[in-house]
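Structure first, then comments.
Computed from the coordinates by the stated procedures, all read-outs in this text should not be read as laboratory data. Because the structure is a prediction, the values reported are computed rather than measured. Every residue, glycine as well, gets a Cβ built from its backbone with ideal geometry; the counts of neighbours run over all protein chains shown.
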Amino acid sequence: MKNRKQILKLKLLITLILCLAGKSNQAQTNPVKIDTLLIVTWNGTSICQIKNSSCHDEAVVYHISKNKEADTFYINAGKIVNGVEEKMGILPFVYNEKTKQLTSTAYGIWIFNLKGATLEGTLLVHGDLFRKIIVYKHY
C-alpha cells in the first residue's frame with residue numbers, strides 16, 4: 001500500500017512538472033503582442049512620387065498609440081523642418097494580424113507593412129501612388 005501511494009505521488013509530481021514545462025514553453029513561443037511592436041516612436045522618410053506637384057520629400061516622425069479597440073491604432077505624424085518637429089496630424093489605422101499591415105483611408109489610402117523594426121508604406125491619392133514612406137523604430 002505504501003509503495004502504491006509513493007507511485008501515485010511520483011506520477012502526480014511528474015504530471016505537474018510536465019504541465020509547468022509545457023506552460024513555460026508555450027509562453028516562450030507565443031508571438032510578441034502587436035502593441036509592444038507598434039506603440040513607439042518611428043523615424044524615417046516620406047518621399048513624393050508625383051514630381052512637379054505640391055508634395056515635398058520629408059523627414060518624418062510617427063508616434064503610434066493605441067485605441068481601446070484591439071486592432072485600432074493612431075499615428076500622430078510630424079515632419080522635421082530645420083531640425084524641429086512640426087505636427088501634421090493624427091490618423092486612425094487598423095492593424096491586420098494576417099497581413100501584418102496597418103491601413104487607413106484618411107486623406108487617401110495608407111498601407112504600412114510591418115517588417116520587424118521597420119514600417120514600409122505607401123499613400124495612394126485618387127488611385128495614384130503619391131508617397132513612399134519608410135520609418136524605423138526609434139529605441
**Counted charge near N76, where neighbours are those whose Cβ lies closer than 14 Å (Asp, Glu -1; Lys, Arg +1)** = +1
**Asked** Can you list residues whose amide H is under 5 Å from D71's amide H, if they're 5+ apart or on another chain and H is modeled 1.01 Å from N?
**Response** none
**Complete:** Per the charge dipole of the range 94-139 (beta-carbon charges, Lys/Arg positive, Asp/Glu negative, Cα centre), the residue among H126, Y95, H138 reaching farthest to the positive end is H138
**Message:** Which log10 I(q)/I(0) values does the range 34-138 give at q = 0.15 Å⁻¹ under the Debye formula, counting every alpha carbon as one identical point scatterer?
**Reply:** -0.58
**Request:** May I ask which of K87/K137; K68/K132; K51/K98; K33/K68 have a Cα-Cα span longer than 25 Å here?
**Result:** K68/K132; K51/K98
**Prompt:** Using the Karplus equation 6.51 cos²θ - 1.76 cosθ + 1.60 (θ = phi - 60°), what ³J(HN,Hα) coupling, rounded to whole Hz, does each residue of the range 130-139 give in order, writing x for Gly and Pro?
**Reply:** 9, 9, 10, 10, 9, 10, 10, 4, 9, 8
**Fill in**
Counting only residues 5 or more apart in sequence or on a different chain, those whose built amide H sits under 5 Å from that of Q49 are R131, K132
**Complete:** For the range 113-122, Karplus-derived ³J(HN,Hα) couplings (6.51, -1.76, 1.60; θ = phi - 60°; whole Hz; x for glycine and proline) come out as 9, 8, 10, x, 9, 10, 10, 10, x, 9
**Request:** Pick out, in residue order, every one of the chymotrypsin sites (Phe, Trp or Tyr not before Pro) in the range 23-132 that is DSSP loop and has at most 15 other C-beta atoms within 10 Å; say none if there are none.
**Result:** Y107
**Prompt:** Given H placed 1.01 Å from N in the peptide plane, which residues other than close sequence neighbours of H138 have an amide H under 5 Å from its amide H?
**Reply:** T41, W42, N43
**Complete:** The local net charge around E120, scoring Lys/Arg +1 and Asp/Glu -1 for residues other than E120 whose Cβ lies under 12 Å from its Cβ, equals +4
**Item:** trypsin sites (Lys or Arg not before Pro) restricted to DSSP loop in the range 48-129 with at most 11 other C-beta within 10 Å
**Value:** K51, K68, K98
